[in-house]
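Notes follow the structure.
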Amino acid sequence: MCVCGFILRPSIFKTLHKTMAGGSAAKKLIQIDIVSDTVCPWCFVGKKNLDKALEASRDRYDFEVRWHPFQLNPNAPKEGVDKKRYYEEKFGSGMSGRMESRMSEIFRGHDLEYNLSGLTGNTLDSHRLIYFAGLQGHEKQHELVGELFLGYFTQEKYIGDREFLLESARKIGVEGPAEFLEDPNNGLNEVNEELKKYTKDINGVPHFLINNGKQELSGGQPPEVFLRAFEAATK
């Protein structure tokens, strides 16, 4: 499931400390592993808030952000189904409507329009592409995830559509995505291995592991929570 705002290990967050006067220590490295699905709206919200925290902290830390797969519905059809109808059947029309209103409000806070039009379906190919982008650099992978979220949640793009995946990859400079996705076995073993490794101990996404799990967060946390986690993870 998507999760929306609970924090694991809250007792470890402490007041941010100031660098000692007169010192100019080298920036510390923070590694962030994110478990996410490309059709999870809270994962998009979590990324937007994380990006704000990253930008606010670049004078203190260097970051290495890595994305890992999760499938909310691994049995979803590859051909896609109507997104709004799918949510109504899964949650009921009343709950689905309330969820849509809530997400629309949150997206507007990021100057985005949440759009439930279009199709939803199997996310495996998107995770294969994200894995492939990661081979060309973590920053490129991070940008690709943002493009996929943006298209799916605000532009009626279908996450299983090959052309949408390739268009997103080309926008951020991924080389060779068409050839990679053409063979359905490319990246399949790697994605399945990551699914086993990163999803066995969690029951919702997004999930953030900071510095190999020294800090863990779940849900669409606000930027200040990430900032406190960065501080605690580097002590």
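The values are calculated or read from the model by the stated rules, or taken from the named source; none is laboratory data. As the structure is a computational prediction, the values presented were derived from the model and not from experiment. Backbone-built Cβ (ideal geometry, glycine too); neighbour counts: all protein chains shown. The accessibility values were calculated without ligands, DNA or RNA, using every heavy atom of the protein model including side chains. Shrake-Rupley method; radii C 1.70, N 1.55, O 1.52, S 1.80 Å.
A few comments on the model shown:
- Sequence of ASP125, ASP183 from largest to smallest accessible area, 1.4 Å probe: ASP183, ASP125
- Value of [θ]222 nm, deg cm²/dmol, for the chain, DSSP H segments ≥ 4, -39500 (n - 2.57) each, nearest 500: -14500 deg cm²/dmol
- Using alpha-carbon coordinates, inclination of helix 93-108 to the longest axis of the chain, degrees: 50
- Calculated Rg and Dmax of the Cα atoms in Å (choose from [x] 18.1, 61; [y] 17.3, 53; [z] 20.8, 72), label: [x]
- Remark on SER36: its backbone amide H falls under 5 Å from those of HIS68, PHE70, a criterion applied only to residues 5 or more positions apart or on other chains, H modelled at 1.01 Å from N.
- Share of carbon and sulfur in the accessible area of the chain stands at 50%, probe radius 1.4 Å.
- Crossing angle, helix 223-233 versus the chain [Cα axis fit, 0-90 degrees, rounded to tens]: 60
- The packing ranking of peptides 211-218, 71-78, highest mean first, is 211-218, 71-78, where packing means the average number of other beta carbon atoms within 10 angstrom of each residue.
- Cross-link pairs LYS28/LYS48; LYS48/LYS83; LYS157/LYS196; LYS90/LYS200; LYS52/LYS235; LYS84/LYS214 - those with Cα-Cα distance over 32 Å: LYS84/LYS214
- Degrees, to the nearest 10: 41-57 long Cα axis against longest axis of the chain: 30
- Taking 0.36 nm per residue of separation and subtracting the current Cα-Cα distance, fully stretching the chain between LYS200 and GLU224 would add 5.8 nm.
- Note on GLN31/GLU89: beta-carbon distance plugged into 1/(1 + (r/R0)^6) with R0 of 30 Å gives a FRET efficiency of 0.15.
- Lys, Arg +1 and Asp, Glu -1 on Cβ, resulting dipole of the stretch 103-224 about Cα centre, debye, nearest 20: 280
- Over the chain, Cα pairs under 8 Å with separation of 6+ residues give a relative contact order of 36 percent.
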